[in-house]
1. Before we move on, is residue 59 within 25 Å of residue 112 (Cβ to Cβ), touching a helix residue (DSSP H, G or I) at 6+ places or on another chain (Cβ under 7 Å), buried (at least 17 other Cβ atoms within 10 Å of the Cβ) and free of Cβ contacts under 8 Å to residues at least 40 places away in the same chain?
2. Against the conditions (1) outside any helix (DSSP H, G or I); (2) at pLDDT 70 or above, where does residue 27 fall short? Just the number, please.
3. Give the residue that is surrounded by the most Cβ atoms within 10 Å (Cβ to Cβ), with candidates limited to residues of the range 78-106 that are without any contact (Cβ under 8 Å) to a residue 60 or more places away in the chain and closer than 13 Å to residue 154 by Cα.
4. Looking at 175, 148, can you tell me which residue is free of Cβ contacts under 8 Å to residues at least 40 places away in the same chain and in a helix (DSSP H, G or I)?
5. Would it be correct to say that residue 75 is more than 12 Å from the chain's Cα centre (by Cα), in a loop (DSSP other than H, G, I, E, B) and touching a residue at least 24 places away in the same chain (Cβ under 8 Å)?
6. When residue 118 is evaluated against the numbered criteria (1) touching a residue at least 60 places away in the same chain (Cβ under 8 Å); (2) farther than 19 Å from residue 27 by Cβ; (3) touching a helix residue (DSSP H, G or I) at 6+ places or on another chain (Cβ under 6 Å), which criterion, by number, is the only one it fails?
């Protein structure tokens, strides 16, 4: 009967599996930082600079200006953003990864990217509601994620994992809402 690997062996295995990801992260970081150009600084800062107040103002506009399904759509987006952000913040506290620019604060850890997670979650919800808007919404989400790497605030794995959290938790939250009878025409 096999026995469980000792903790040190599990740690060594985990580090061996993470080393190629870390190496790729640093290669991409250096390539992106070497490719920075003055003409891209403002667009990248704009993509990265969206604050929660702007997101909630946008959701208020969705609720007020998009017809009878607007309020349910805005509530669904908020219902999705809550578990997405809880997952991101708990993961940041657990991982405590230093940012590429050298900042190290557990509460603002590099891994995963909350910007990427929120952008992906909103692209998922709004793209499902208005399918014709899905391509530009996903393009914007990808731009937000890339801007975080471009501005040297995140590594590639930070934004990819953040987007995966946004999509995964967003899908689970919508599925949970639907299991309770929610539709675009009802409140969660």
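The values are calculated or read from the model by the stated rules, or taken from the named source; none is laboratory data. Model, not experiment: these values are computed from the prediction. Here Cβ is always computed from backbone atoms with ideal geometry, including for glycine, and neighbour counts include all displayed protein chains.
1. Here the answer is yes, as residue 59 does meet what is asked.
2. Status for residue 27: all satisfied but (1).
3. 92
4. After applying the criteria, what remains is 175.
5. Working: more than 12 Å from the chain's Cα centre (by Cα): yes; in a loop (DSSP other than H, G, I, E, B): no; touching a residue at least 24 places away in the same chain (Cβ under 8 Å): yes.
No; evaluated as a whole, the condition is false for this residue.
6. Condition not satisfied by residue 118: (3).
Results for (1) within 14 Å of the chain's Cα centre (by Cα); (2) surrounded by 24 or more Cβ atoms within 10 Å (Cβ to Cβ); (3) under 18 Å from residue 173 (Cα atoms), shown as yes or no for each residue.
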| site | (1), (2), (3) |
| --- | --- |
| 113 | yes, yes, no |
| 128 | no, no, yes |
| 133 | no, no, no |
| 138 | yes, no, no |
| 142 | yes, no, no |
| 147 | yes, yes, no |
| 156 | yes, no, no |
| 159 | yes, yes, no |
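For every residue, the table says whether it meets (1) over 13 Å from the mean Cα position of the chain (by Cα); (2) modelled with pLDDT of 90 or more.
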site	(1), (2)
34	yes, yes
66	yes, no
70	yes, no
82	no, yes
86	no, yes
91	no, yes
